[in-house]
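Notes to accompany the following structure.
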Amino acid sequence: KKGIKNVKVGGFDIDGVLRGKYVSLDKFWGMVEGGFGFCDVIFGWDIADVLYDNAKVTGWSTGYPDTHAIVDTSTIRVIPWEPDTAAFFVDFVTPEKTPHPACPRSLLKTVLAKAAKQGISAKFAVEFEFFIFEETSKSLHEKGFRNLDSLSRGMFGYSWLREGQSADLVHDILDQMTAYDIPVEALHTETGPGVFEVALRYDEALRMADKAALFKTAMKELCAHHGLAVTFMAKWNADLPGSSGHLHQSLWKKGK
C-alpha cells in the first residue's frame with residue numbers, strides 16, 4: 001500500500017553506530033520469519049572499522065562469525081528521502097536465542113524488563129548539540145579535518161537571524177525528522193560557528209533511544225544532501241566550545 005520496493009535493516013554496535021544494509025522484499029519476509037545472520041565483527045571494531053586486539057566477545061579466534069539478528073517489526077519507518085524504502089531495527093541474539101552480550105539495544109530492553117517487574121516504566125528525552133560545516137566527506141579528508149569552513153562564522157547563540165539564513169536546512173530538518181517519526185520540539189543555534197542544538201520530544205525509553213541514535217545518522221544524510229557535513233563529537237576544535245548532550249529521564253511507578 002505504501003509502494004515499498006526495498007527494505008533497510010540495521011542494528012547498533014557498541015558505539016551506538018547504526019550498521020545495516022538494504023535487502024529485497026523477498027529476502028525481508030524470510031528474515032522476519034526466522035531472523036538472519038549478521039557478521040559479529042560490528043562488536044569487534046571501533047567506529048573506523050579498526051579491529052580491537054583484546055576483544056573477548058568476538059575476534060580472530062572465532063573468525064568473526066555471523067550472529068543472529070531478529071527484526072523488530074514494531075520499528076517500521078518509511079525513509080522520507082527514500083519513499084520507496086522501509087527501515088527496521090534489529091536485535092542481536094546468541095545461538096541460544098538469548099540477548100547478545102554486546103548488543104546495546106538488547107541491554108536496554110533487559111534493564112527495562114527488570115524495571116517493569118518492579119512496576120516502573122521510564123520516559124526519556126534527548127538534546128544534542130552539533131557543528132555543521134560547508135564541507136563534504138571528500139573535502140574533510142583532503143583537509144585532514146583541520147581548518148574547516150563552518151556553516152556560519154563567529155559566536156551567536158539563539159540567533160533568530162542565523163536560523164533564518166539557513167532556513168532551507170532548518171526546515172528540512174524539522175520536516176524530514178517529523179516524517180521519520182523523530183519529532184523535534186526545538187531547534188536553535190548555539191554559541192560557536194555553525195553550531196545548533198536540538199531537543200527531541202520525549203518518548204518511552206526504548207523508542208527514545210532508537211530515535212536519538214537514528215537522529216544522528218539521519219542528520220548526516222540530510223546534511224550530505226545539502227552539500228554539508230555535521231559532527232556530534234564532544235570537542236572537534238580545542239579553541240571552540242564543545243558539543244554537549246542532555247539526557248532527561250522520568251520514572252513512573254504504577255498507581256503513582
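Data overview
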read-out	value
Span from the region 139-154 Cα centroid across to the region 1-73 one, whole angstrom	32
Surface accessible to a 1.4 Å probe, residue 240 within the full protein complex, Å²	30
Helical mean residue ellipticity (222 nm; -39500 (n - 2.57) per DSSP H run of 4+; nearest 500) of the chain	-8500 deg cm²/dmol
Region 33-127 - charge dipole about Cα centre, Lys and Arg +1 at Cβ, Asp and Glu -1, debye rounded to 20	640
Debye, to nearest 20: dipole size of region 177-255, +1 on Lys, Arg Cβ, -1 on Asp, Glu Cβ	280
Choice from 181, 239, 46 with maximal GNM fluctuation in the chain (Cα, 10 Å cutoff)	239
Set 21/143; 8/216; 97/216 screened for pairs whose C-alpha atoms are more than 20 Å apart	21/143; 97/216
Charge dipole of region 18-163 about the Cα centre (unit charges at C-beta), most positive-ward option of 38, 113, 60	113
Distance between region 75-102 and region 215-235 - C-alpha centres, whole angstrom	21
Viscosity 0.890 mPa s, 25 °C: Kirkwood-radius Stokes-Einstein D of the chain over Cα pairs, µm²/s	122
Computed log₁₀ I(q)/I(0) - Debye formula, equal Cα scatterers, no solvent, region 1-111, q 0.12, 0.17, 0.22 Å⁻¹	-0.44, -0.83, -1.23
Nearest-20 debye value, the chain charge dipole, Cβ charges on Lys, Arg, Asp, Glu	940
Region 127-244: projected area of the alpha-carbon convex hull, averaged over directions, in nm²	7.0
Residue 235 - accessible surface, heavy atoms, 1.4 Å probe, Å² rounded to 10	110
Estimated FRET transfer efficiency when R0 is 35 angstrom, pair residue 175-residue 145 (beta carbons, to 0.05)	0.70
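The values are calculated or read from the model by the stated rules, or taken from the named source; none is laboratory data. The structure presented is a predicted model; accordingly, all values stated were derived computationally and were not measured. Counting neighbours? That spans all protein chains shown, and the Cβs are built from the backbone with ideal geometry, glycine included. Just so you know, the surface numbers come from the protein's heavy atoms only, side chains and all, with ligands and any DNA or RNA stripped out. Shrake-Rupley method; radii C 1.70, N 1.55, O 1.52, S 1.80 Å.
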